[in-house]
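Only one structure is covered here, and it is reproduced in the block below.
The values are calculated or read from the model by the stated rules, or taken from the named source; none is laboratory data. If you're wondering where the values come from, they're calculated on a predicted model, not measured in any experiment. Cβ placement follows ideal geometry from the backbone for every residue including glycine, while neighbour counts extend to all protein chains displayed.
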Amino acid sequence: MRIIGIDPGLARVGYGIIDEIEGKKAMLDCGIIETQSTQKEEKRLLEISNDLSSIIRKWSPQSAAVEKFFFYRSSTTISVVQARGVIMMTLGKHNLSIQEFPPMQIKLAVTGYGHSDKDEVLKSVMHEFNLTSPPKPDDAADALAIALTGIYLK
């Protein structure tokens, strides 16, 4: 099974592509979709959709795992929710089955503890894929954790 994990955002969308074959997991790709704050929001959202579609066409995942938005008060809350909506629409356009996970569930699935910090999550991701250096940037590493959660909780 091939899955894409998505860490939503407007400025940076993390993505990670992993395969699981007979219980063995392999990281195929990870990175970010980055938009420029100087662009109008509608252009940034379109860029996220277009770039995500390209990644999906390249890797042909069968499913997707997306972090559920954890509500908090911030000046960027609405923009992130809008970006997440565009991400969900794009995944749906490509007929991917979608699983959604809140941050605590991702941490629990990847580390065994729902209140793990970022370093513990990163160490677990690195261990799972036998990586000697951490995936960069953090959004890509987070997306790999989200994809792993999709594999673990399928």
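In this entry, Ala143 passes the filter for residues that are part of a helix (DSSP H, G or I), closer than 20 Å to Lys24 by Cα, of a type in the set (A, V, I, L, M) and modelled with pLDDT of 95 or more. Looking at region 125-141 only, could you name the residues that are touching a helix residue (DSSP H, G or I) at 6+ places or on another chain (Cβ under 7 Å), in contact (Cβ under 8 Å) with a residue 24 or more places away in the chain and crowded, with 20+ Cβ neighbours inside 10 Å? If the condition is that a residue be touching a helix residue (DSSP H, G or I) at 6+ places or on another chain (Cβ under 7 Å), in contact (Cβ under 8 Å) with a residue 24 or more places away in the chain and crowded, with 20+ Cβ neighbours inside 10 Å, then Pro135, Ala141 are the ones that fit.
Which one is farthest from Gly9 (Cα to Cα), of the residues in region 81-108 that are among the β-branched types (Val, Ile, Thr) and part of a helix (DSSP H, G or I)?
Quick first cut of region 81-108, residues among the β-branched types (Val, Ile, Thr) only: 81, 86-87, 90, 98, 106.
Next, from what is left, pick out any that are part of a helix (DSSP H, G or I): 81, 86-87, 90, 106.
Details: Val81: 8, Val86: 10, Ile87: 9, Thr90: 14, Ile106: 17 Å.
The qualifying residue farthest from Gly9 (Cα to Cα) is Ile106.
The C-beta contact set for region 91-117 (first residue farther than 19 Å from Glu128 by Cα and in contact (Cβ under 8 Å) with a residue 12 or more places away in the chain, second residue of a type in the set (Val, Ile, Thr) and surrounded by fewer than 18 Cβ atoms within 10 Å (Cβ to Cβ), distance under 9 angstrom, 6+ apart or interchain) comprises Leu91/Ile98.
Within region 109-120, does at least one residue satisfy the condition of being in contact with an Asp or Glu (Cβ under 6 Å, 6 or more places away or on another chain), outside any loop (DSSP other than H, G, I, E, B) and of a type in the set (D, E, K, R)? Step through it out loud before you land on a result.
Going through region 109-120, the residues in contact with an Asp or Glu (Cβ under 6 Å, 6 or more places away or on another chain) turn out to be 111.
Keeping just the survivors that are outside any loop (DSSP other than H, G, I, E, B) gives 111.
Next, from what is left, pick out any that are of a type in the set (D, E, K, R): none.
Scanning region 109-120, I find no residue that is in contact with an Asp or Glu (Cβ under 6 Å, 6 or more places away or on another chain), outside any loop (DSSP other than H, G, I, E, B) and of a type in the set (D, E, K, R), so the answer is no.
Counting only residues that are touching a residue at least 24 places away in the same chain (Cβ under 8 Å) and charged (D, E, K, R), how many does region 12-40 have? Quick ask: steps written out before the conclusion?
Of the residues in region 12-40, the ones touching a residue at least 24 places away in the same chain (Cβ under 8 Å) are 12-18, 20, 25-32, 35, 37.
Retained after the next criterion (residues that are charged (D, E, K, R)): 12, 20, 25, 29.
Summing the residues that are touching a residue at least 24 places away in the same chain (Cβ under 8 Å) and charged (D, E, K, R) in region 12-40 gives 4.
Taking the listed residues Ile56, Ile21, Ile78, the one that is buried (at least 16 other Cβ atoms within 10 Å of the Cβ) and over 17 Å from Pro103 (Cα atoms) is Ile56, with no other qualifying. Of Ile55, Ile78, all but one fail to be assigned to a helix (DSSP H, G or I) and at pLDDT 95 or above; the exception is Ile55.
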